[in-house]
Amino acid sequence: MNSIGIVFDVDGVLVDTSRSFPEVVSGAVHLFANSITGLESIPLLFTKEHYIKAKTHPMFNDDYDIAWTFLSWAVSNTASITREGWADPEAWSAALEKCTLDPLIWVPQAFGSDVDRNAVREACEEMYFGEEFFLSVRKTATKHVKISGLWKREQPFLNNRWQSFVDPVGIYTGRSREEMELALRLLDWEDFPRERCITPDDGLKKPSAEGLYRLEKILGVSEIFFFGDSESDRKAFEGYGRGRFFPIGEVFSSTAGSYKTVEEALAGAGVEI
């Protein structure tokens, strides 16, 4: 008899991040827009449409690298951006379609290496964590922004405790360990076993299927039900290939068999809570 493990992505699945990470990416793009690209920082330079187009690509699970990639594209000869700072979302999408490698490898090849990735990521962290939490985590003051932290805008999508699930539960996320701690606090899952939580700090990141294989062993199951909201989640499950993938949210809104919320997906999966 098959035993099933329940594995969740976090952002857009367990936690509503619609007012945090997209704003972080947009904020970082607009923060660096003039100094890096010479473009005016107007709202149409990077919009929700640009963000969604990146999330439909399997190689862009890391939101901070979306900001870095967009800025790198913006300064390249391939960008389709007007002098007034309007960026064509379709041209952006077409540029991303050519990416078949990890962005760390592909972006310098495609657009050059003029944009400081570390600086962009640092600014993203500062916006997400805010002054106080950034100082406690990084042991240094913020350099780019002085705000309270966009993580405070997040809300839980799931109100059940992890112990309430009949089947064992795991997490495979693109969040760093520090970001994951904030999500677990929000979910009231602070006692969640950290060995069941796979993050990029473990050397594994989506769309790699290795995180699911590792969780299969940790949970002691023969297959996994994976609940995700991005193309990188779906691609990771394709590489794993046992159990079932449950697509959730806006990226999969036109996909047959998708679900609006994780609660709907759990009901559709017949998961006992």
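Please verify whether the range 167-184 includes one or more residues that are free of Cβ contacts under 8 Å to residues at least 24 places away in the same chain and loosely packed, with under 15 Cβ neighbours inside 10 Å. Looking for residues that are free of Cβ contacts under 8 Å to residues at least 24 places away in the same chain and loosely packed, with under 15 Cβ neighbours inside 10 Å, one finds none in the range 167-184, hence no.
Which is part of a helix (DSSP H, G or I), touching a residue at least 12 places away in the same chain (Cβ under 8 Å), buried (at least 22 other Cβ atoms within 10 Å of the Cβ) and over 19 Å from the mean Cα position of the chain (by Cα), of Trp68, Trp73? Write out each step before concluding.
On the way: Trp68 fails: over 19 Å from the mean Cα position of the chain (by Cα).
The unique qualifying residue is Trp73.
Where helices (runs of 4 or more DSSP H) fall wholly inside the range 110-221, the ranges with 2 or more residues that are aromatic (Phe, Trp, Tyr) are 117-138.
Among the candidates Ala67, Ala79, Ala33, Ala28, the residue that is of a type in the set (A, V, I, L, M) and within 30 Å of Ser258 (Cα to Cα) is uniquely Ala67.
Screening Val137 against (1) crowded, with 22+ Cβ neighbours inside 10 Å; (2) farther than 16 Å from Ser72 by Cα; (3) in contact (Cβ under 8 Å) with a residue 24 or more places away in the chain leaves a single unmet condition, (1). All conditions in (1) touching a residue at least 60 places away in the same chain (Cβ under 8 Å); (2) among the β-branched types (Val, Ile, Thr); (3) surrounded by fewer than 22 Cβ atoms within 10 Å (Cβ to Cβ); (4) over 20 Å from Asp233 (Cα atoms) hold for Val115, with the sole exception of (3).
Values quoted throughout were computed directly from the atomic coordinates according to the rules given, and no laboratory measurement underlies them. These numbers were taken from a predicted model, which means no experiment stands behind them. Don't worry about glycine lacking a Cβ; one is built from the backbone with ideal geometry, like all the others, and counts go over all protein chains shown.
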